[in-house]
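See below for the structure under consideration.
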Amino acid sequence: MSLVTQFLSQIHQQVRNQQGDLLRSWLQVEPESPKQYHDLAAELRARFSRQDAIDKVVEDALPQLDDLPEGQATAWPGLLAFLKDYLTYWRDVDFTDLLGAHQLLSGLVNSCSTAFAHPTYGSMLLQVSMSLSETLARLTMNLNRRPDLTRRLRVVDDDNRKSVAESSAEIIQKIFTTCLTDRTGTRTSKPEGKRVGVYMFANLVLKLLFAVCLPLLSFALRCLQFIPWRQELVVLCCSSYYDHASNRNFTLSKCRRTQLAKMIFVNIESISPPLSLYPAAQRVTFLYYLGRFNFSNHHYNRAALCLQEAYLQTPPPLVSHRCNILTYLIPSNLLLGKFPSDTLLSRPEAQSLKPIFLPMCMAIRSGNFIQFQSHLAAHETWLFEKGLLLSLSNRLRPLLWRSLARKTFILTYVPPQDASSRKAATLDLSHLLTVATYIQRRLEGWLPGNPTALHRPSQANPLLMQALRNNVQPFAETTLAPPPGGPRKLRPNEGLIWGNAMVSYEDIEMTVATLVQQGFMHGFIAHSQGRFAIIGAKAKGSPVLAGWPNVWQTIKERRYEDDFGIDQVPGWVTL
Amino acid sequence: MASTTESKPTEPEQLNANEQKPEQKHLALGEDDEFEDFPIDDWPADQTEAAQRNGETKHLWEESWDDDDTSDDFSNQLKWVVGSLLVSTLLLTALSLDFRPRRRFR
């Protein structure tokens with residue numbers, strides 16, 4: 001009896017007995033499969049070079065029966081098509097040709113998904129579908145790291161071009177949909193049948209969608225070094241994490257990836273069983289990707305909720321998983337005004353992240369834009385590749401401005417002599433303008449004019465001496481020396497307002513007004529006096545406490561629309 | 001052909017074994033970009049932090065982080081800058097004042 005016939009007879013038996021686990025271990029596709037599979041391939045090449053020969057041997061070995069004893073199953077057309085593709089795969093596959101192997105495997109997983117959709121017997125292919133999908137995902141990731149190969153796939157029609165990863169994700173998504181729409185059991189009962197696979201397949205699709213973004217972003221970063229308007233490209237590229245360059249002119253368009261990920265979460269939200277009914281590994285993986293999806297869409301609180309739960313549910317020995325989760329959890333919380341504690345930063349999983357995030361926290365605390373920008377620049381590549389750069393460089397600015405205004409107030413405020421004075425404590429906006437102008441100059445490379453004096457502030461009246469020496473020139477020239485080679489050209493996000501644009505009084509007034517509107521500063525702007533007046537200093541016991549409320553408390557207590565729950569995360573189904 | 005032994009369901013002992021040999025390597029940045037598959041499919045909740053402290057995480061995050069220190073280098077720079085401005089303004093005001101005696105109409 002030929003090897004092919006023996007193989008099919010075993011498969012027939014497993015199908016009859018509905019042994020899904022055995023089917024998985026028999027239907028292997030990896031190049032590392034045992035020697036018998038390679039012998040099978042050789043036999044197929046020698047004796048079954050014609051497709052009709054394969055069709056016949058499969059149909060003969062797996063007859064479709066009508067009368068079946070209780071508990072037994074029969075072959076169905078979808079299964080036969082899948083097995084024909086399986087034998088074709090082994091006959092034609094050349095593991096040295098990754099693109100060809102990917103194409104064959106894609107076809108095989110596609111026909112497996114069709115067979116899996118059979119309402120009665122399809123569920124016996126759950127494990128096979130999972131194992132084949134995992135192999136397809138692995139192969140896709142490998143291919144994705146080989147742009148020299150995937151470039152060959154590019155076609156003239158840019159609009160219809162799909163990346164290798166996208167097409168793989170779409171195939172696996174079909175299996176996910178079959179699992180999700182299976183009607184076995186109720187929504188909240190223990191998952192049975194195909195519903196067991198809902199989160200397994202969702203995670204696999206999400207893994208592909210997120211993994212493929214990285215090479216694109218790296219590619220974009222490399223491009224930026226040669227394009228004068230590179231900042232604009234960064235902004236475009238990062239603001240839509242899933243966007244990709246769809247043609248040679250780098251026009252960035254919304255692509256299918258966003259839609260595919262969104263579709264998965266929307267479908268899960270509508271009909272999936274609760275996440276808590278699934279094994280821990282699936283729960284954590286799903287929450288990790290849901291967190292990253294929300295981070296990419298600027299829903300930092302939702303991201304933090306998902307990632308926090310993923311972190312807490314991951315056992316401490318799994319350091320690399322916890323490190324990956326913290327990579328997004330720490331920035332999510334930073335943006336919400338929650339900084340990592342010493343306890344967290346001393347954990348093993350935080351060791352590689354501490355040098356990134358700790359100096360960032362220190363810069364935000366003191367409103368030190370100079371330190372903040374130089375730290376971002378030092379870690380720009382890593383932050384960019386992680387998809388964190390734009391969020392952190394833009395959306396942390398309100399917190400930096402808040403701290404800078406607070407510090408300026410502390411340094412300049414003189415409490416009234418009369419304790420019973422009813423005069424409101426105020427911050428002179430011209431002081432903030434002075435400080436901001438100084439910072440902008442420093443960002444442009446200006447150097448402190450009298451660095452020794454800076455370190456001796458307690459000396460007798462140095463300010464007056466310096467001012468007199470310079471004959472009352474504008475302060476920037478008295479305190480700073482111009483950079484020897486001229487001011488540094490700043491990219492838009494490197495300047496305090498926009499690149500090398502000088503900070504104006506209007507900028508300051510608008511920034512403070514925005515902070516007041518966001519609730520990060522409590523008071524009002526006395527426009528005619530050019531001051532920010534603090535409300536409620538007496539009640540709080542201090543103008544600083546009243547004028548600069550706690551950031552996280554402010555965000556938490558903001559008024560939201562009635563149907564918006566701050567602790568609700570769409571896509572996270574709870575009991 | 002393929003092995004016919006069934007894969008055993010995950011035992012909690014497997015994780016305990018893992019726990020005894022915690023993954024000590026400290027990952028350098030850029031390494032291990034992808035969220036790898038977990039070595040096991042399920043583990044009991046009591047092996048996680050979620051079960052401890054009732055999931056309380058306040059010890060992991062600082063919500064009050066404002067910096068009142070004015071003796072650091074950055075604060076000193078700002079003091080200098082604001083101080084210079086104040087002195088400049090005072091001097092400018094002083095110099096622009098006209099101290100000459102005013103003529104009276106006769």
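The values are calculated or read from the model by the stated rules, or taken from the named source; none is laboratory data. Predicted, not measured: the structure shown is a model, and the values here were computed from it. Here the Cβ is made from the backbone with ideal geometry for all residues, glycine too, and neighbour counts use every protein chain on show.
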Give the residues of the range A:15-29 that are free of Cβ contacts under 8 Å to residues at least 60 places away in the same chain and under 16 Å from A:Pro63 (Cβ atoms), sorted by residue number. A:Arg16, A:Asn17
How many residues does the range A:550-569 contain that are buried (at least 16 other Cβ atoms within 10 Å of the Cβ) and either over 15 Å from A:Phe339 (Cα atoms) or out of contact with any strand residue (DSSP E or B) (no Cβ under 9 Å at 6 or more places or on another chain) (or both)? 5
For the range A:1-58, which helices (runs of 4 or more DSSP H) that fit wholly inside it have 1 or more residues that are of a type in the set (Asp, Glu) and within 30 Å of A:Gly193 (Cβ to Cβ)? A:20-26
A:Arg138: basic (Lys, Arg), within 17 Å of A:Gln173 (Cα to Cα), free of Cβ contacts under 8 Å to residues at least 12 places away in the same chain and part of a helix (DSSP H, G or I), yes or no? yes
Scan of the range B:39-51 for residues that are assigned to a loop (DSSP other than H, G, I, E, B) and either more than 13 Å from A:Pro316 (Cα to Cα) or more than 7 Å from every other protein chain (Cβ to nearest Cβ) (or both), ordered by number: B:Pro39, B:Ile40, B:Asp41, B:Asp42, B:Pro44
Residues satisfying the stated conditions in the range A:106-125, i.e. surrounded by fewer than 23 Cβ atoms within 10 Å (Cβ to Cβ) and among the hydrophobic types (A, V, I, L, M, F, W, C): A:Ala117
Residue match in the range A:73-82 (condition: within 19 Å of A:Glu30 (Cβ to Cβ) and assigned to a helix (DSSP H, G or I)): yes
Tell me which of these A:Asn394 doesn't satisfy, since it passes every other one: (1) touching a strand residue (DSSP E or B) at 6+ places or on another chain (Cβ under 9 Å); (2) surrounded by fewer than 20 Cβ atoms within 10 Å (Cβ to Cβ). (1)
Need a quick list: helices (runs of 4 or more DSSP H) entirely within the range A:287-377 having at least 2 residues that are within 27 Å of B:Asp72 (Cβ to Cβ), facing chain B (nearest Cβ under 8 Å) and not β-branched (Val, Ile, Thr). A:354-366
Is there a residue being within 14 Å of another protein chain (Cβ to nearest Cβ), among the polar types (S, T, N, Q) and more than 32 Å from the chain's Cα centre (by Cα) anywhere in the range A:394-405? no
Do you know which of the residues in the range A:409-426 that are β-branched (Val, Ile, Thr) and touching a residue at least 40 places away in the same chain (Cβ under 8 Å) is nearest to B:Gln77 (Cα to Cα)? A:Ile410
Enumerate the helices (runs of 4 or more DSSP H) found wholly within the range A:384-443, keeping only those where 2 or more residues are modelled with pLDDT of 95 or more and among the charged types (D, E, K, R). A:397-412
Would a scan of the range A:532-545 turn up a residue that is aromatic (Phe, Trp, Tyr), surrounded by 14 or more Cβ atoms within 10 Å (Cβ to Cβ) and either in contact with a strand residue (DSSP E or B) (Cβ under 9 Å, 6 or more places away or on another chain) or more than 24 Å from B:Val82 (Cβ to Cβ) (or both)? yes
Just to be sure before I move on: is B:Arg106 modelled with pLDDT under 60 and more than 9 Å from chain A (Cβ to nearest Cβ) in the structure I sent? yes
Under 30 Å from A:His12 (Cα atoms) and of a type in the set (A, V, I, L, M, F, W, C), is that true of A:Val128? yes
Before we move on, is A:Leu44 surrounded by fewer than 20 Cβ atoms within 10 Å (Cβ to Cβ), among the aliphatic types (A, V, I, L, M) and either touching a helix residue (DSSP H, G or I) at 6+ places or on another chain (Cβ under 6 Å) or at pLDDT below 95 (or both)? no
How many residues of the range A:10-19 are within 16 Å of A:Asp55 (Cα to Cα) and within 11 Å of chain B (Cβ to nearest Cβ)? The answer is 1
